[in-house]
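Single-structure report; data block below.
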Amino acid sequence: MAIVNRQTSENILLTGFFGAGNVGDEAVSLAVYEGVKKNLPQANFSIVTRSPEYTRNFTGITAVDTIKGFFPSHDFWMRLSRHIGSIKKSNLVVIGGGGIIQDVHSWTTIPAYILPACLGILFNRPVMTVGIGVGPVKTAWLKELTAFACNRMALVQVRDEESRKELIAYGVDANKIQVTADVVPSLDFKRYVAGRSSGNSRPTVAVAFRKWSGLDKNGLVAICTKLIENGVAIRMLGYESVHDVKFYEELISAFAPEHRDKISIHIPADLNDAMEEVKAADFVLSMRLHGCVFAAAMGTPFFAVPYDPKVSEFMRRISMEDRILPMDRLSLNYADEILKSLQANGRAFSAVGFAAQRQLSEKNFTVVPEVLQGGVVYSFKDKTSALGWICKLMIKGMATQLSRPFNFLVRKMTK
């Protein structure tokens, strides 16, 4: 692979876990768009998203071309020529951020983001990642695919050291990898937050949780009950609307009837609304990574309840390990600590390490003009290998898509 200088029209393709109805992932999409645009203000953008309408309405990103569908969905096959054309017309492919290199949920997750990289190699387009999380990857050929693509990218930026170690274990050249940070801290939060009040006469504790194996639900109910008995309103924030509402409704049923009217569920209308809810709260109790990021960025006191190492890693990197609560042992004593914070008017709260994290987050994007300016010319061997991977993925993806109706019927019949 040779690096060459060339003039470009700055057509940028962005792809990540966008348009799926998750507040954190939509914050990622906005951060990537804003971060690249800040460093390439004249660029034209295309975004791959599950739902163009959702991406436009929830994030406010409107001045872009949207391509619907991810491999190997029905939408992807219906728009295959557009997906391929978007790579051909682009001058740079930006992948990320978020924890997209893993096969926990499906083997298709990694190919959904690595397939554009392989197409980029085929068409001599530079490819880079921004703030991605890596692992776990259990499938050997997916590790091989990841290593092939990453070793030919212009730059691989990961959000933490563990992700770097994972890639090296898969066979990625360590010199290709830079450790930066999650992309969301790079956002200019003041631009998106109006600073509204909660509208409650009571102090408000915002809760951003999700259904998760091992969560001490009884402990959570006990903490919230004690807060309510001490004059606090509980605001449950739904970051994945359908799943979270169902979980919160189950949770509320465990409260005493006289306490339930002090609890509300809020589904953010858009990303601004999601941020403003955290800003308006007097305290935040969050399992969600980006609930913690929002709180740290806006000076709202908070505790993190990690369900995933990415949450613990963020807290470590902003030097706030002392504000981590164990998910499986939510002691009633934590309610006392929250009440003390409310009594002390914790609006003076500051996450002292957040500024450094923000700088690392911005680093994901300051290198974009350099990568764009460099360009690439891949060898015939690289292109042949990329074409081989593309063919393999297309065959496996088509087989998966065709088998879905049959698998659906089998599930129905065996219930």
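The values are calculated or read from the model by the stated rules, or taken from the named source; none is laboratory data. This one's a predicted model, so the numbers in the text were calculated from it and none came from an experiment. Cβ sites come from the backbone with ideal geometry, for glycine too, and all protein chains shown count toward neighbours. Each accessible area value is taken on the protein alone, full model and side chains, heavy atoms only, with ligands, DNA and RNA left out. Shrake-Rupley method; radii C 1.70, N 1.55, O 1.52, S 1.80 Å.
Results, tabulated for the structure shown:
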| item | result |
| --- | --- |
| Search result, residues across region 271-323 that are part of a loop (DSSP other than H, G, I, E, B) and of a type in the set (A, V, I, L, M, F, W, C) | A281, M287, V305, I318, M320 |
| Test: residue in region 19-42 that is open to solvent by 40 Å² or more (accessible area, probe 1.4 Å), in contact with a strand residue (DSSP E or B) (Cβ under 6 Å, 6 or more places away or on another chain) and farther than 30 Å from A140 by Cβ | no |
| Close pairs (7 angstrom Cβ cut-off, 6 or more residues apart or separate chains): closer than 29 Å to V23 by Cβ in region 165-191, assigned to a loop (DSSP other than H, G, I, E, B) anywhere | E166/G135; V179/D160; T180/R159; A181/R159; D182/R159 |
| The listed residue being more than 24 Å from G19 (Cα to Cα), in contact with a Leu (Cβ under 7 Å, 6 or more places away or on another chain) and open to solvent by less than 10 Å² (accessible area, probe 1.4 Å), out of L285, L220, L271 | L220 |
| Region 227-258, subset of a type in the set (G, A, S) and closer than 20 Å to L215 by Cβ, residue surrounded by the fewest Cβ atoms within 10 Å (Cβ to Cβ) | S253 |
| Of all residues making up region 234-270, the number that are in a helix (DSSP H, G or I) and either in contact with a Pro (Cβ under 9 Å, 6 or more places away or on another chain) or not acidic (D, E) (or both) | 13 |
| Out of D160, D173, sole residue that is open to solvent by 10 Å² or more (accessible area, probe 1.4 Å), under 19 Å from the mean Cα position of the chain (by Cα) and not β-branched (V, I, T) | D160 |
| Region 68-100, residues that are under 20 Å from T129 (Cα atoms) and under 19 Å from the mean Cα position of the chain (by Cα) | G69, F70, F71, V93, V94, I95, G96, G97, G98, G99, I100 |
| Neighbours by Cβ (under 7 Å, 6+ apart or cross-chain): first from region 328-357, farther than 16 Å from V305 by Cβ and assigned to a helix (DSSP H, G or I); second among the polar types (S, T, N, Q) and modelled with pLDDT of 95 or more | L339/N230 |
| Hits in region 51-97 (condition: buried (at least 20 other Cβ atoms within 10 Å of the Cβ), among the aliphatic types (A, V, I, L, M) and at pLDDT 95 or above) | I67, I87, L92, V93, V94, I95 |
| Check on A304, open to solvent by less than 30 Å² (accessible area, probe 1.4 Å), of a type in the set (A, V, I, L, M, F, W, C) and closer than 22 Å to E161 by Cα | yes |
| Residue in region 135-151 that is open to solvent by 20 Å² or more (accessible area, probe 1.4 Å) and within 19 Å of F314 (Cα to Cα) present | yes |
| Residue that is modelled with the lowest pLDDT, among those in region 178-195 that are closer than 25 Å to L372 by Cα and surrounded by fewer than 21 Cβ atoms within 10 Å (Cβ to Cβ) | D188 |
| Options A20, A63: the member that is more than 19 Å from the chain's Cα centre (by Cα), over 18 Å from V127 (Cβ atoms) and not in a strand (DSSP E or B) | A63 |
| Residue match in region 358-372 (condition: open to solvent by 20 Å² or more (accessible area, probe 1.4 Å) and without any contact (Cβ under 8 Å) to a residue 40 or more places away in the chain) | yes |
| Any hit, region 60-79, residues being acidic (D, E), touching a strand residue (DSSP E or B) at 6+ places or on another chain (Cβ under 8 Å) and under 16 Å from S29 (Cβ atoms) | yes |
| Which listed residue is in contact with a Phe, Trp or Tyr (Cβ under 8 Å, 6 or more places away or on another chain), in contact (Cβ under 8 Å) with a residue 24 or more places away in the chain and among the polar types (S, T, N, Q), from T108, T129 | T108 |
| Condition met for V93 (of a type in the set (A, V, I, L, M, F, W, C), touching a residue at least 60 places away in the same chain (Cβ under 8 Å) and within 25 Å of F365 (Cα to Cα)) | yes |
| Within region 373-396, considering residues that are under 24 Å from S81 (Cβ atoms), touching a residue at least 24 places away in the same chain (Cβ under 8 Å) and hydroxyl-bearing (S, T, Y), the one least open to solvent (accessible area, probe 1.4 Å) | Y378 |
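Let's see how each residue does on (1) among the hydrophobic types (A, V, I, L, M, F, W, C); (2) outside any helix (DSSP H, G or I); (3) at pLDDT 95 or above:
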| site | (1), (2), (3) |
| --- | --- |
| I132 | yes, yes, yes |
| L142 | yes, no, yes |
| I168 | yes, no, yes |
| N175 | no, no, yes |
| L215 | yes, yes, yes |
| A222 | yes, no, yes |
